[in-house]
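Note sheet for the following structure.
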């Protein structure tokens, strides 16, 4: 079974970048996804180039910060900031397919401009609930021949029908109160029939800048739980994979 342990939010802050690289060097994760429009994206790329066996995907971001593309008016408020993710997911704002496609493509091209091979696409928050975003994600994954994260069965079926690679199942259990090493063991144990699975993490360190810009501050807890997982022999029992191994 191929097990992907991915760290989201690469590029968000300097401390998160450092924590993700430390996790990789400890053998705790096999993949990360970068928020290419965030302030520390270039720092993340620089760190990744010294650790280039780490799978590097794009964390498509339409809900935090500002867009890379110009003229995507349906995605932003009067301050040129993306709308809150809940409004986007519930289709309470009238984002257009054209603007979504344009912005995601711009983020893909920005990452490619650093001369990297993109491992896969995933997304910040559950923006795939929005039907226009869902379609654009599928269309661009096909256009660039990239695997994509699917967090639910409905989206997984659509992705597979489109001929796009995706793991057989996905776990969001290792988060907040669920960030316990035993949850990873339990998920893997209950999915032995799968050929591939992904486990999401938000591991990292939390400095003052990070605290100011995100409410999720349990990243060091996640990192410590992964270290406990290592001490329990999990990583000697299972070899980690990347999306490019699918």
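When we screen 59, 125 for residues that are touching a residue at least 12 places away in the same chain (Cβ under 8 Å) and in a loop (DSSP other than H, G, I, E, B), the only hit is 125.
Among the residues here, residue 159 does not qualify as over 18 Å from residue 242 (Cβ atoms) and touching a residue at least 12 places away in the same chain (Cβ under 8 Å). When the stretch 83-110 is filtered for residues that are closer than 23 Å to residue 45 by Cβ and either over 18 Å from the mean Cα position of the chain (by Cα) or surrounded by fewer than 22 Cβ atoms within 10 Å (Cβ to Cβ) (or both), the ones remaining, listed by number, are 102, 105, 106, 108, 109, 110.
Which of (1) surrounded by fewer than 15 Cβ atoms within 10 Å (Cβ to Cβ); (2) in contact with a helix residue (DSSP H, G or I) (Cβ under 8 Å, 6 or more places away or on another chain) is the odd one out, the single condition residue 39 does not satisfy? Evaluating residue 39 over (1) surrounded by fewer than 15 Cβ atoms within 10 Å (Cβ to Cβ); (2) in contact with a helix residue (DSSP H, G or I) (Cβ under 8 Å, 6 or more places away or on another chain) leaves (2) as the failure. When residue 127 is tested against (1) out of contact with any helix residue (DSSP H, G or I) (no Cβ under 6 Å at 6 or more places or on another chain); (2) surrounded by 20 or more Cβ atoms within 10 Å (Cβ to Cβ); (3) closer than 28 Å to residue 77 by Cα, just one condition goes unmet, and that condition is (1). Residues in the stretch 6-15 include at least one that is in contact with a helix residue (DSSP H, G or I) (Cβ under 6 Å, 6 or more places away or on another chain), under 17 Å from residue 112 (Cα atoms) and either buried (at least 24 other Cβ atoms within 10 Å of the Cβ) or free of Cβ contacts under 8 Å to residues at least 60 places away in the same chain (or both).
Could you please find all residues in the stretch 63-86 being out of contact with any helix residue (DSSP H, G or I) (no Cβ under 7 Å at 6 or more places or on another chain), modelled with pLDDT under 95 and not in a loop (DSSP other than H, G, I, E, B)? The answer is 86, and nothing else.
The values are calculated or read from the model by the stated rules, or taken from the named source; none is laboratory data. Bear in mind the structure is a predicted one, so any value in this text is a computation, not a measurement. Glycine gets a Cβ as well: all are built from the backbone with ideal geometry, and neighbour counts include every protein chain shown.
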